[in-house]
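What follows is a single structure, written as C-alpha cells, with notes after it.
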Amino acid sequence: MSPIRIALNASLLFIAFIIQEGVISRIHLPITGFSLYLAIIVSMVLLENRTGAVILGFVGGIILDLSPSSQSPFGQWALVLTLVAYLIAVNSESIDEIVSRPVGLGLFVAAGTALSLALYLILGSLLGESNGSFGRDAIVIAGNFFWTMLFAPFLMPILIVIRDVTVGARERI
Amino acid sequence: MARGGGNRSRLLLVILLVTSLFFITLDLRGVSVTKGSRSVTQSFLAPIQKGVSDLFSPVGRFFSDVKNFPSEKNKVAALASANARLKTQVLVNKDIQGQLNQLKGVLDLAGRGGYRVVAARVIGHGSSSTFSQTLTIDAGSADGVRVDKTVISEHGLVGVVKSVDAHSAIVLLMSDPAFKVGVRIARSQSIGVLSGTGGNSFALQLLDPAGNIVVGDTLFSNGSDSNTPFIPGVPVGVVTSVDHSSSTLTQTASVKSYSDLNNVGVVSVVISAPATAPKTMINPSPRATVIVYVTPTPTPTPTDSPSATPTPSASKKATK
C-alpha cells in the first residue's frame, strides 16, 4: 500500500469517524447503537491484501482511539483492529466465498464488528477497565451485529466505487 | 478482492502491535501525549456535533418515540388521574407546608445551597464504538466549566465533567461502569457507594455492615472534599430492589436514577460552591437566638376594690 493510498484511506476513515461521532451517535436506534465506523473498516479490510489490511486496521484503530468519548487507553483500538484486520486477511481465501453474496457479506462484516468489540472488551478487562455487566455488553455487541448486518450490504458497493477512484488517482500520479 | 503478502505482512503486524502496546503503556503511565490529541479531536468535533444537533434533533429521537408511542398513551391517562388525585392532596399539603419550611432549614437538598451553575445543551452522545457512557455539552472552559465538576439535570445527578474544551465538554454519565459516587440514604443516613453498570440500573453497596436498605429508599450524593467532583445533597436515585444474599459483608441493592440519562437534553454544571457549603448547614454552629414569649392578656374579673364598690351617693343616683 503506497503512502498516497494510506493517506486517502485515512482521510476516508476520518470522514467516517466524524459521521459516526457527529451524526450516528445522535440517533437513538432500538436495541443499541450502530458503529458505521467499524463496519466501514471491516469492509475496507476485505478489499485489501495482507499488508494493506494490517496498515488499514492500525490507522483505523488510531483514529478511533482519538474519540474524545473513549475511556480506554490510547492504542487499545489500534491493537484490536490490527489483529482483526490480520485475521481477516490471513483467512481471505475462505472468506471470499462467504462475502460473494450480499447476505454473507452482511453477516461477515457484522461478525467482524462483533469480534472487534469483543476483543476490545477482553483487552479492556486485561488492562483493568470497568466494562459493566456481561449482559449489557452482550446486548451492545448483539445490537451492533444486527444493525451492521442490515447496513453492510449497502456500504460495500460505495466503498468499491471509492476504492476504484482512489486506485485510479494513484495510478494517474 | 486483492490478496497477497507473507513474511513482510507478519513483520509489519508485529511492528504495529508493538507500537500499539507502546501507546497503551504510555497512556497507562500517564504520559499526556494522548490527552492532547483527544482534546484536539474534541475541539474539532464540537462545532460539527452542535450543527448536527440543531439539524437532527427532531429526527434523533424518532425511533425511541415510535417505540414508546403505545406506552405514552397509557402514561397520559395515568398522569391525568394522578393529577386529579394530587389536586386534592395539594389542599391537605398546605397544612404541612409550614412544617416543611422548617425542615428545609436542616436538609441540604439539591439546588438549595446557592451553587452557581451553568446551563448547557447536550449536543452529542458517546460513540457506540466505545463502551463508555458520555455526553457532549455546549459549554466549556470559556463558560467556567472545569474538569471534575458535578453535572445535574432537573431531576438529579447526571454525571461529572471528564474533559473540557473552550466551548464544549465531555460529561461522564453516572451509568458508565467506571463511575462511582458516594451516596447517603435519606431515611437512615447510612452511606454507601453507587456504581454505574452500563445500563439503566445502578449498583449500591453500603459501607456500614449494620446499615440496611429498603425498597423505595431515596439516595442523595454525599459530597466530596471541596465539592469536587461531587456536591452534597443532589438527588441520585431510588432503591428498586435489595439483594438479601449473605455473600457480602454489607448490603447491596439495585437503584434507578432520577435522571433519565437516555433522554437528557439540558443539564447544569455546578461551577462553584457558596462560601458556606450546604453540608455545614446540617449542623449549624450555635448562635444567639431571641425568643419572644407572647403572654396572653388576663381576662378582666370583678374585684373588691374600693373604686368598684358602689357608694351610697352613687346608689342614690342610681335609684333616682
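The values are calculated or read from the model by the stated rules, or taken from the named source; none is laboratory data. A quick note: this is a predicted structure, and the numbers were derived from the prediction, not measured. Here the Cβ positions follow ideal geometry from the backbone for every residue, glycine too, while neighbour counts run over all protein chains shown. Side chains are part of the model used for accessible areas, which takes the heavy atoms of the whole protein and leaves out ligands, DNA and RNA. Shrake-Rupley method; radii C 1.70, N 1.55, O 1.52, S 1.80 Å.
Exactly one residue out of B:A142, B:A178, B:A166 is more than 12 Å from chain A (Cβ to nearest Cβ), open to solvent by 30 Å² or more (accessible area, probe 1.4 Å) and free of Cβ contacts under 8 Å to residues at least 60 places away in the same chain, and it is B:A142. If the condition is being more than 20 Å from B:G124 (Cα to Cα) and open to solvent by 50 Å² or more (accessible area, probe 1.4 Å), then segment A:7-19 contributes A:A7, A:L8, A:S11. Here the strands (runs of 3 or more DSSP E) wholly within segment B:206-297 that include at least 2 residues being modelled with pLDDT under 85 and surrounded by fewer than 20 Cβ atoms within 10 Å (Cβ to Cβ) are B:266-272.
Considering only residues in segment B:181-205 that are more than 20 Å from B:T248 (Cβ to Cβ) and in contact (Cβ under 8 Å) with a residue 60 or more places away in the chain, the one that is surrounded by the most Cβ atoms within 10 Å (Cβ to Cβ) turns out to be B:G198. When the test is whether a residue is open to solvent by less than 10 Å² (accessible area, probe 1.4 Å) and more than 18 Å from A:F145 (Cα to Cα), A:T82 passes it.
Inspect segment A:126-136 for any residue being more than 7 Å from chain B (Cβ to nearest Cβ), farther than 21 Å from B:L13 by Cβ and assigned to a helix (DSSP H, G or I) and give the result as yes or no. For segment A:126-136, residues more than 7 Å from chain B (Cβ to nearest Cβ), farther than 21 Å from B:L13 by Cβ and assigned to a helix (DSSP H, G or I): present.
Right, A:V109: in contact with a Pro (Cβ under 9 Å, 6 or more places away or on another chain), surrounded by 13 or more Cβ atoms within 10 Å (Cβ to Cβ) and hydrophobic (A, V, I, L, M, F, W, C) or not?
Values: in contact with a Pro (Cβ under 9 Å, 6 or more places away or on another chain): yes; surrounded by 13 or more Cβ atoms within 10 Å (Cβ to Cβ): yes; hydrophobic (A, V, I, L, M, F, W, C): yes.
Here the answer is yes, as A:V109 does meet what is asked.
Here's a check for you: in segment A:113-145, which residue that is in contact (Cβ under 8 Å) with a residue 60 or more places away in the chain and in contact with a Leu (Cβ under 8 Å, 6 or more places away or on another chain) is surrounded by the fewest Cβ atoms within 10 Å (Cβ to Cβ)?
Initially, segment A:113-145 is screened for residues in contact (Cβ under 8 Å) with a residue 60 or more places away in the chain, giving A:113, A:116-117, A:139-140, A:142-144.
From what's left, in contact with a Leu (Cβ under 8 Å, 6 or more places away or on another chain): A:113, A:116-117, A:140, A:143-144.
On the way: A:T113: 29, A:S116: 28, A:L117: 24, A:V140: 23, A:G143: 19, A:N144: 25.
Only one residue tops the list, namely A:G143.
Has segment A:91-98 got any residue that is farther than 27 Å from B:T25 by Cα, hydrophobic (A, V, I, L, M, F, W, C) and modelled with pLDDT under 85? There is at least one residue in segment A:91-98 that is farther than 27 Å from B:T25 by Cα, hydrophobic (A, V, I, L, M, F, W, C) and modelled with pLDDT under 85.
Segment B:1-110 holds helices (runs of 4 or more DSSP H) entirely within its bounds, and those carrying 2 or more residues that are at pLDDT 85 or above, open to solvent by 90 Å² or more (accessible area, probe 1.4 Å) and more than 8 Å from chain A (Cβ to nearest Cβ) map to B:7-28, B:62-104.
Can you tell which of B:T134, B:T130, B:T150 is closer than 28 Å to B:R38 by Cα and either surrounded by fewer than 10 Cβ atoms within 10 Å (Cβ to Cβ) or modelled with pLDDT under 85 (or both)? Lay out the reasoning, then the answer.
Numbers: B:T134 fails: either surrounded by fewer than 10 Cβ atoms within 10 Å (Cβ to Cβ) or modelled with pLDDT under 85 (or both); B:T150 fails: either surrounded by fewer than 10 Cβ atoms within 10 Å (Cβ to Cβ) or modelled with pLDDT under 85 (or both).
The match here is B:T130.
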